[in-house]
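In what follows, a single structure is set out as structure tokens and then discussed.
No lab work stands behind these numbers, since they all come straight from the coordinates. Everything numeric in this text was worked out from a predicted model, so none of it was measured. Reconstructed Cβ throughout: ideal geometry from the backbone, glycine too, with neighbour counts over all protein chains shown.
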Amino acid sequence: MLSTPALVLAMMLFSLGLVGLLSRRNILYMLLSLEIMLNAASLAFIAGGARWGQVDGEIMFLFILTLAAAEVSVALGIVLQLSYRFHTLDVDAFSEMKG
Amino acid sequence: MISLLWLIPALPLAGFLVLALFGGRFTRQQVAWVGCGSVGTAAFTTALVGWEFFQGFPDHESYHQTLWNWIDTSGLTVGVSWYLDALSLLMVAVITGIGFLIHLYSAEYMAGDEGYARFFAYMNLFVAAMLTLVLADNLLLLYLGWEGVGLCSYLLIGFWYREPEYGTAAQKAFIVTRIGDTAFAIGLFILFTQLKSLSIQQVQSLATEAWPVGSNLATIVAVLFLIGAVGKSAQLPLQVWLPDAMAGPTPVSALIHAATMVTAGVYLIARMHHLFALAPLVQEVIAVIGLATLLLAATSALVQQDIKRVLAYSTMSQIGYMFLALGVGAWSAALFHFLTHSCFKALLFLAAGSVIKSLHHEQNIFWMGGLRRHLPWTFWTFLIGAAAMSGIPLITSGFYSKDWILWSVWSSPLSHRWIWYGALLGAMLTGLYSFRLIFRVFFGEVRTQPTGEPGLAMRVPLVVLAFLALTVGFLEMPHTLGNVTLFSQYLSHALPTMELLPGMDESSETREQLAVTVSALLGIGLAAILFLPGSNFSRRGADLSTGRPLVTLLQSGWGFDRLYDRACVRPWFLLTRNPGELLDRGYEWLTVGAESCHRWMSHTQTGHVRWYAATVVVGTLVLLGLFAM
Amino acid sequence: MILWLLILIPILAAPLAWMGQQWSRNAPRWIAIGTLSVDCLLTLLLLSQDHSVQTSGHGSWLVESHSSWIPRWGISLHLGLDGLSVILILLTAFIGLIAIVASWTEIQSRVGFFHCNVLLALGGVIGVFLAIDLFLFFFFWELMLVPMYLLIAIWGHAHRRSASFKFFLFTQAGSLLLLVAIIALALLHQHTTGRPSFDYADLMELTVTHGMAWWLMLAFLIGFVVKLGAPPFHSWLPDTYTEAPTGASIILAGILAKTGAYGLLRFTIPLFPGVMSEFAPIVMGFGAVGILYGAVLACCQTDIKRLVAYSSISHMGFFLLGAFAGTELALQGAVMQLVAHGLSIGALFMMAGALQERFQTRDMRQMGGLWGMTPRLATMALFFACASLGLPGLANFIGEFLVLFGSYSAQPVLTILASLGMVMAAIYSLGMMQRTFFGQQREIRIASDLSNAAFGTLLLIAVLQIWLGLYPKTVLITTKPVMNMLVQPVVASPNLTHQPSESVSFSTIFTSQVSAP
Amino acid sequence: METLFYIAAAVTVLATLRVITHVHAVHALLYLVVALIALALIFYLLGAQFAAALEIIIYGGAIMVLFIFVVMLLGPLAVEQERTWLTPGTWVGPGILALVLLGEVGYLIAVGDHLPVTVSEARQKGVSIALYGPYIIGVELASMLLLPGLIGAYHLGRRVSKESR
């Protein structure tokens, strides 16, 4: 079946997303990388669901989808605010939370 | 009529309340009327009650009145109740009678003072508290009066509150006596725990039943009570407060620190005589304390420069005589000396007050002199007082009371011969310091110009007290002289009479009396040689007040103040110097630790999103690695 | 129902007081006064009904209200009133009134919110005094904390932040221990009977193993003692009392400390009688140490509020000594001490606040000679200094002496140590008078004397002090059945039977010293 | 069948690589859309048709549109001149990848019925039943999550006035 290669693919995508998250400094790209990682996770769920013939994988995908939607809407709002306030999207420029 | 007993303490209390609440709105005259009136009425009531009491006497030896149950819970039952017997009636009579005279005197003496109403309020409160003390039927109520007089003493010593030294003296008085009070209170705890009662009569009968003579518990309780009495009566080793207490206005010294409050210790021991009888060891200690105090105070009085301090030390010395009498079991003699002492010491203080007032509050006797002609009333009354104190034979009351004490010491089975010699030496010293005062103040040249004689309100008490100081002694005269025993008969209903050693007859009594007489006269004669202006010694300017080491030591009251300062006061101040506390430090370390941890941890909070993401990844990897293993 | 009224009236009036700010500046104050007066009257009503019911009850409540809340976990809305609670509630309402009068001029910002918090805190306290379901008790216990924290943190003096944190951390740590112990008790109940229960009566019948009881007792003890402010858990107390605004200081010292005391009497002692009788001497030792420790530190202080705060530690030491002495007399004294201390400390803080308001300082070194300028204040200060040093005839004396009388039979040495506190009380009380009111005036400053309202309030407290000092029956007769009940199990335990021998052995030690010379 | 999967997987990986390496936001977005579509295809191949549809509609459609809006709102910060990103170089890459996917879809449509991919109605029903059965709490939670998302987006999306910073 396709489940095993699908899981490998999910892992690859996840790693790519992670690399993107860690290497890019533009916050917009970080968000994109995050989306990739979320998708990789969904893929893993769906592959799992397909492997066992269960519907739970798809349900989890649905939840991840809603999560992603909510996350993106808020995150993009934050991105807008950041750009208004700091006139840059470089995350290394923001360190307001420094302890 | 006797049921009016409760009015006696209530009247001064009412006077206090009226003055405390409305005193500010009264005129001086009204204040004086209320202040003197309340005590005067109390004295009048005492006379009525006393009359009624004597009607039933001696069939009804005591009268009991309960106003309400003060505390009544879980086995502790204490009432606000009065107990009148021969002893308390005597005390009440002295307190209200002399108290009234002193109030009358104060009405003029304090006339110029801004705290006129406050003064009378305190004085009235004092009288109320003192009456509570002597009329109390139980020890807790007695303790209430006991603390109450202490408070009033504190307030009146510090009456002129602007002077910081006066405040210190007041505090010293309160705290030193409070040490005694605490011992007294512990005595109460033991007594209650063991006997389940606090009623004075009941406790004593129970104690007599429960404890054999010389038993440990009796001794402990007696010692604790003795410490309380010693504190209040300014005896060794808690005597240091009394000389400083002279900071208060002179009528206060007369009433509180001479005539009444300081004799509370004497009253307590006399009142609890059954208990003390159970502890012969403690009785012996009382006698020794009395002797030591009377000698110590007499020698100190010899060299003081302040007229009031001389009188203060003399008070300590005379109370020492009373303690001595109590110690040898001569209860009645002690109280007789209390009676005469109250009269002549109040007289002396009031006369001294008159001197001080006429000299614009000059108290140093070296700035006085030659007042004999300017202040004849004062001079004669002072002279009578001094004569009574030194015990000039036959005509003064002091002679009879002191002689009784010395005779008791001589003849008591509880006494020793060396105590008697000590007391005799004391009698000589008494004459010496009394007449040193007379010669210094009233003879010689005038050093400070006096303003003149006091007015009527001050003169009347002086004369009345002078009369009493001369005549009170005739209530009790020894076998060899007149054999009047009114006083001892009267008190024998409340206090046991002392048994004599075998072999004490009239001839030995006469010899003993002769010795007393001679020693008193010797003291006066010595004073005349040393201090009478015109005498050899005096002309050479040799007083005992120049700075030789011994004199300095005597002047400081044998250095007790310095000793206590070194031993207690300074360590205490050292202890209380730092307002921080040690335990708090411990908790502070906790916060310091938390803070340093926080500082270290907060380095990880860079504020960079990518750093957070990376740490999350690393953390996840570590966890995965752990799971994989 | 009337019990719920007692709690709900202040809690419901709290938002009203907040809103009242819009109408007028004094509206919140009057609302608070009205509320507390109503509570006062209701309690007096209950108190007057008392005596008829009292005969019925060995352990039963005079008034009780029971309805179920969360039956699954054995939690119910169970309130009960007995002699102890009625006295303490009356004290609460009265001290609350004092606190409001004391902050009449001091609090000028956010008046409404201040009184809202005061009422909420007092409602919580009354709830604590009434709840006999442990869960409900804990609910009220926490309810009173938060408004108190706000009172300190918002209206406090210069170092209010650290003080309020310290207060919150300490009390919260104590509460946590309490919570753990309460839940453990409920679970133990489930373990033995199969259903969990937080109800007082159920838990009283619970038998706990010795080791377990030991730990639970410790938790209950520490949780309550923290609130009481006995060393070594007192560290928050001086800071908090000092930095809090006058009104809050009065509530803290006058009422909140009493909740800890109440907890000890209501829960710690009766729930674990066996262990308690073993542990009582240690607690009494802490009480005696507290008396001396507080007194010594009070003598060190130059800040007048700090001095009063340390004197409070000292006075609460008497409570601990009495509460654990195991004799009815001492317990009665301990309760009396609570009432007396509440009254005297309230008045003292009120006067400290008045001084601070007039001179912008609490440092006694900068005062002095105020008697001439503010005679009313000075007279009242003198009175309450006397009350604080235990002058006979005033309420504090009754409390202290009953405690000492009662505990002497249990622990003679500790009692004697505690008595030394009386000397120190004299030192710090008179020292305070000396430094503030006597002596030379430092600078010429014009200060008004006490206002009529404040003077009247203080006079009222003074009259109460005298009344309770001369006729303490008022309180003692109400609390007697409760205290009597408390003593029963302790007396029954075998540990106390050998106590007379202890006192004998003490006296032999003592006499051997006496007779040695 | 497996070939289809591997081609789609290759497309996904390639597009994703381009997403994380590209410097221009819009280009990256274009690649991401392609990656999502390829992923949808994989979902379909795994038998999750409903998920595949949602992936395209919501992810590829709604969410990506949101991104694009934001990118445009950000203006010069994220977007170069329009001209530079409309040059053929930009869209050739995604175009080719999309064409590959199109080919796959076409193949699927042509021979779809013979493939072992099971398009079962029962399974989709199962999803719905499970969703509103045991997972109802999850649905509620998701709705709760969306509401703050909405409010947050509304609140954060407002342009703040100049003086605030």
Please go through the residue pairs B:Lys345/C:Lys473; B:Lys196/B:Lys345; B:Lys172/C:Lys473; B:Lys232/B:Lys357; B:Lys172/C:Lys305; B:Lys196/B:Lys232 and name each one whose alpha carbons sit more than 32 Å apart in this structure.
-> B:Lys345/C:Lys473; B:Lys196/B:Lys345; B:Lys172/C:Lys473
Rank-order B:480-486, C:147-153, B:550-556, B:74-80 by packing density, defined as the average count of other C-beta atoms within 10 Å over each peptide's residues, highest first.
-> C:147-153, B:74-80, B:550-556, B:480-486
Would you please give the residues with an amide H less than 5 Å from that of B:Leu67, counting only those at least 5 places away or on a separate chain, with H modeled from the backbone geometry?
-> B:Val80, B:Ser81, B:Trp82
Using θ = phi - 60° and Karplus 6.51 cos²θ - 1.76 cosθ + 1.60, couplings along the range B:358-371 (whole Hz; Gly, Pro as x) | 6, 9, 6, 6, 8, 10, 7, 5, 6, 9, 10, x, x, 7
Amide H to amide H under 5 Å from C:Val63: which residues, 5+ apart in sequence or cross-chain, H placed 1.01 Å off N in plane?
-> C:Leu81
List the aspartates and glutamates whose alpha-carbon lies under 17 Å from that of D:Lys125, not counting same-chain residues fewer than 8 positions away?
-> A:Asp56, A:Glu58
Under Karplus coefficients 6.51, -1.76 and 1.60, residue-wise ³J(HN,Hα) of the range B:279-291 in Hz, glycine/proline x | 10, x, 4, 5, 4, 4, 4, 4, 4, 5, 4, x, 5
To the nearest 20 debye, the protein assembly as shown has a Cα-centred charge dipole, built from +1 on Lys and Arg Cβ and -1 on Asp and Glu Cβ, of 3260 debye
Helix B:139-157 versus the longest principal axis of chain B: what is the Cα-based angle in degrees, 0 to 90, to the nearest 10?
-> 90 degrees
Rounded tilt (10° steps) of A:3-23 against the dominant C-alpha axis of chain A = 10 degrees
Chain C: longest segment with zero exposed trypsin sites (Lys or Arg not before Pro), where exposed means DSSP loop plus at most 13 other C-beta atoms within 10 Å, is residues C:26-441
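Net charge near C:Leu389: determine it from the other residues with C-beta under 13 Å of the C-beta of C:Leu389, scoring Lys and Arg +1 and Asp and Glu -1.
Working: positive: B:Arg178; negative: B:Glu147, B:Asp181, C:Glu400.
Taking every other residue near C:Leu389 into account, the sum is -2.
Tell me what chain B gives for mean residue ellipticity at 222 nm when only DSSP H runs of n ≥ 4 count, each as -39,500 (n - 2.57), the sum divided by the residue total, rounded to 500 deg cm²/dmol. Mind showing how you got there, number by number?
Details: 28 runs with 434 residues, N = 629.
The per-residue figure over chain B is -22500 deg cm²/dmol.
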Sites D:Thr3 and A:Val8 - FRET efficiency at Förster radius 22 Å, r taken between beta-carbons, to 0.05 | 0.85
Each label sits 7 Å from Cα toward the beta-carbon; between B:Ser3 and C:Glu142 the label points are separated, in nm, by 6.4 nm
Write out the GluC sites (Glu not before Pro) in chain A meeting two conditions: DSSP loop, and at most 13 other Cβ atoms within 10 Å of their Cβ.
-> A:Glu96
Using the Karplus equation 6.51 cos²θ - 1.76 cosθ + 1.60 (θ = phi - 60°), what ³J(HN,Hα) coupling, rounded to whole Hz, does each residue of the range C:95-105 give in order, writing x for Gly and Pro?
-> 5, x, 4, 4, 4, 5, 4, 5, 9, 4, 9
Rounded to the nearest 0.05, what FRET efficiency is calculated for B:Leu17 and C:Glu357 with R0 set to 25 Å and r the Cβ-Cβ distance?
-> 0.25
Mean separation of Cα pairs under 8 Å and 6+ residues apart, divided by the residue count of the range C:58-115: what relative contact order is that in percent?
-> 23 percent
Pairwise label distance in nanometres, B:Phe474 with C:Trp467, each label 7 Å out on the Cα-Cβ vector = 5.5 nm
